[in-house]
1. Rounded, prolate or oblate: which one fits segment 157-287, using the alpha carbon gyration tensor with axes a ≥ b ≥ c (rounded when a/c is under 1.5, else prolate when a/b beats b/c, else oblate)?
2. How large is the direction-averaged shadow of the alpha-carbon convex hull of segment 36-204, in nm²?
3. Quick one: length gained pulling residue 155 to residue 85 fully straight, 0.36 nm per residue minus the C-alpha distance?
4. Would you mind pulling out the separation of the Cα centroids of segment 205-258 and segment 96-133, in Å?
5. Once fully extended, how much extra length lies between residue 248 and residue 162, figured as 0.36 nm per residue of separation less the alpha-carbon to alpha-carbon distance?
6. Determine, for segment 36-204, the count of lysine pairs separated by eight or more sequence positions (or lying on different chains) whose alpha-carbon distance falls under 21 Å.
7. Using the 10 angstrom Cβ neighbour count as an exposure proxy, how do 267, 62 rank, fewest first?
8. Restricting to Cα pairs below 8 Å that are 6+ residues apart, what does the relative contact order work out to for segment 169-255? Please round to a whole percent.
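FYI, it's all coordinate maths here, none of it is from the lab. Quick caveat: nothing in here was measured; it's all calculated off a predicted structure. Here the Cβ positions follow ideal geometry from the backbone for every residue, glycine too, while neighbour counts run over all protein chains shown.
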Amino acid sequence: MAAQQTNLQKMKITRQAFYLSGFFILAAINQPISAYGQENIWLPPGSTTMLSTPPPPEILNTNTKMNGSALLGKLLFNSPALLGEKAVRIGLSCASCHPSGHVHTSFYISGLSSDPGTIDLTNDFWKAGQEDNIFNPIPIPSLRGVSKNAPYGTALNLPSLAAFTSHVMIDEFGAKPPAEDILKALLDYMELLETEQAVNKYVHVKPPQFSELLGLLSNPLKRQDVSEFAFRSDLIKEELGRQVTPANKEKLTQAAQNISKITRKMTKDPVMANRVFIKLKELLLEE
Ligand code: HEC
């Protein structure tokens, strides 16, 4: 029952992401170069929510490849599907304010920011009924080393990162309460974020590799869990959109189409679904 609910929730998030942010994914696939600095019609004029420069380095306390839950968390962190409807509509993800877990110092929404890099989250722009009637933008904090920064929040002082993350999603952005494994994935990712000073060795990680992304799909495919597969494949398609270049555009578009085909075939024709998955692997992993 609980698992079913979780899946239902995910289906809803997936669908919401599909309808509302589908065009961002397409925009990313079609216009890789203008992905930086593009603004959208849902925001007051003069707002800046997209990075105009490449994101800051991502500093992780691991020198191994990122996989499993933490990789899923990284994709979620970058996905507009995670926050409430308003955030989805303006294409906002955790990474819009905390790119690579650091700070977007130029982030600015007219009427909600005082200086660039600040934002008023207690405003019903984000979630109906949470207006505190005070214009109180606060600086966006860096999440580098965040796992060691308890208590969390300027006004609230919540003791755990899990509690604060749920609070951010539900109370501030009006998102649905995150399913347990989604919250865990986000935390697993954020717990890897380090400050430069905190570690001797750190990696400035490359974007997730295709083999790692495919690794996220094989388990739900094996278990024939269509909703989990669909949920993860949307996140992966978004990631492919971020990694697209003129040189690999054709390959990644084909990969995205194959992923959609597997989702469609999984229940009715699992043999075909497996065959397409093998084709997808060959396509993405070839040099
Ligand atoms: C619109 C910008 C914005 C977005 C989007 C956003 N945050 Fe934040 N975040 C902030 C601001 C501003 C604060 C400071 C809040 C406070 O102190 O009460 C904050 C604080 C935090 C903190 C606490 C940091 C600390 O050291 O106390 C965490 C953890 C966090 N955010 C995680 C997330 C996650 C996870 C997401 C996506 C689900 C997210 N944020 C999306 C602006 C944003």
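1. Oblate shape, in that a/c is at least 1.5 and b/c is the bigger or equal ratio.
2. Numbers: hull surface 38.4 nm².
Quarter of the Cα hull surface area: 9.6 nm².
3. Separation in residues times 0.36 nm, less the Cα-Cα distance, equals 22.8 nm.
4. With segment 205-258 and segment 96-133 each reduced to a Cα centre, they are spaced 30 Å.
5. Gain on extension, residue 248 to residue 162, equals 27.2 nm.
6. Summing the qualifying lysine pairs gives 13.
7. Details: 267 10, 62 14.
Listing 267, 62 from fewest to most nearby Cβ atoms yields 267, 62.
8. The value is 13 percent.
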